[in-house]
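What follows is a set of notes on a single structure, which appears directly below.
Please treat every number below as a calculation from the coordinates, not as lab data. Given the structure is predicted, the values throughout are model-derived calculations rather than measurements. Using ideal geometry, Cβ is built from the backbone for each residue, glycine included, and neighbour counts are taken over all protein chains shown.
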Amino acid sequence: MRKVLYIFAISMFITALGCSKGNEGTKPAGDKPVNPPPVITPTSFTAADATAAYTAFNRYFYDASKKLYYGSTRRDGVAAIWTQAIYWDMAMNVYERTKDPAQLTMINDIYQGNYNQYDGYNWDNTTTWFIYDDMMWWVMALARAKQLTGNDVYLQKAKSGFERVWNGSYDAVDGGMFWDFKHSGKNACINYPTVIAAVRLYKLTGDATYLTKAKSVYAWAKANLMDASGRIADHKIGNNPAGYEDYTYNQGTAIGAAVTLFKETNDQSYLNDAKLVADYTRNKMGTNGLLPAEGDFNEQGVLKTIFAQYIMQLINDGGQPQYMDWIQTNVNTGWKNRDTERNLTFRNYAIHCPTGDIQSYEASSIVTFMQLVPPKQ
């Protein structure tokens, strides 16, 4: 027993010497320091998180009986007609990511819910549809749904919607698209989506007139709504100077229109435009690398949801991975600052999501980003 105690005492003495600051650097030259294993902390959302975010979004905002989305967690009114199309795009993103057959059913359900709500997509109903850009968001989504599902019903609705908007909105004298029935101005929110919809319809039908229209509208928009820095104006009214207001959805659809035309024509100038617009968004908008917190309890909360779609198109289809780290940082920050009780995210990525009533608009962008953006490895 005394021998054991003696050995124990000697070992404690040696240990004490080894831990003493006075013994640092006294190891023989041949010894290698033993470093503890690194502590690994999560730095990125995961695929499971992407699913959890979408599940939470539907739990708080989706009406499974009406197959429509609410405007807020109060669930006391449906979201705006054009944002329903944006949420339908979100559902398509989830299906592309997961290939879950149940999500394909969700895509068809959302179409049917909006069919029931909005007069069967009757484009001539000027009560349901009161501005052209609301229609064009749906035309874009319908064309994409045809691409994704092969359902010809979606294509027919997209074609008839595009024809209705083109005949009522396009300025055959001076070019460009009017955003409203009164032709009060030509806004980015109708011109760039028209380009995207037209190219999608060209790819679906082979009708070259769609591509001609896309090029024409893009040329007008570039000349009238885009400056040399890549900043996109919100509108152009008559002969007045363009009205420049920084909105991520305008930046996003400008990127999407340019990348879409680049893919069809292989004209490098379109890709150069897309990069210029993306650079302006990254370098001039937002704070500390985070996208701006648009939408103070209004529909603008959905704008970054649209931007997500098209910046990822630039990264993937345009072959521009230099934007990925910036986007991943935004997504990870927004997800980290979620309301952990509800798994809901917020329009302002830099702060914690409020725990009270929030809108589906302001809760949607991080969810969409997470379906499109790969987690950091």
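Some observations on this one:
- Chymotrypsin sites (Phe, Trp or Tyr not before Pro) within the stretch 100-182: DSSP coil, no more than 14 neighbouring Cβ in 10 Å: 130, 181
- Here the gap between residue 116 and residue 357, fully extended at 0.36 nm per residue and compared with their Cα-Cα distance, gives a gain of 84.0 nm.
- Candidate cross-link partners of residue 284 among the aspartates and glutamates, defined by an alpha-carbon separation under 19 Å and a same-chain spacing of 8 or more, comprise 227, 234, 245, 246, 273, 294, 325.
- Set of aspartates and glutamates with alpha-carbon distance to residue 67 below 14 Å, sequence-local pairs under 8 removed: 109
- As a calculated quantity, the FRET efficiency between residue 151 and residue 59 at R0 = 22 Å, using C-beta atoms, amounts to about 0.25.
- For the stretch 219-261 versus the stretch 321-377, the gap between their alpha-carbon centres in whole angstrom: 26
- Here the spin labels are modelled as points 7 Å beyond Cα on the Cα-Cβ line, and at residue 350 and residue 160 they lie 4.8 nm apart.
- Nitroxide proxy distance, nm - points 7 Å out along Cα→Cβ at residue 297 and residue 216: 4.5
- Where GluC sites (Glu not before Pro) in DSSP loops with at most 15 other Cβ within 10 Å are excluded, longest remaining stretch of the chain: 25-244
- Descending semi-axes in Å of the chain, equivalent ellipsoid built from Cα gyration tensor: 50, 25, 19
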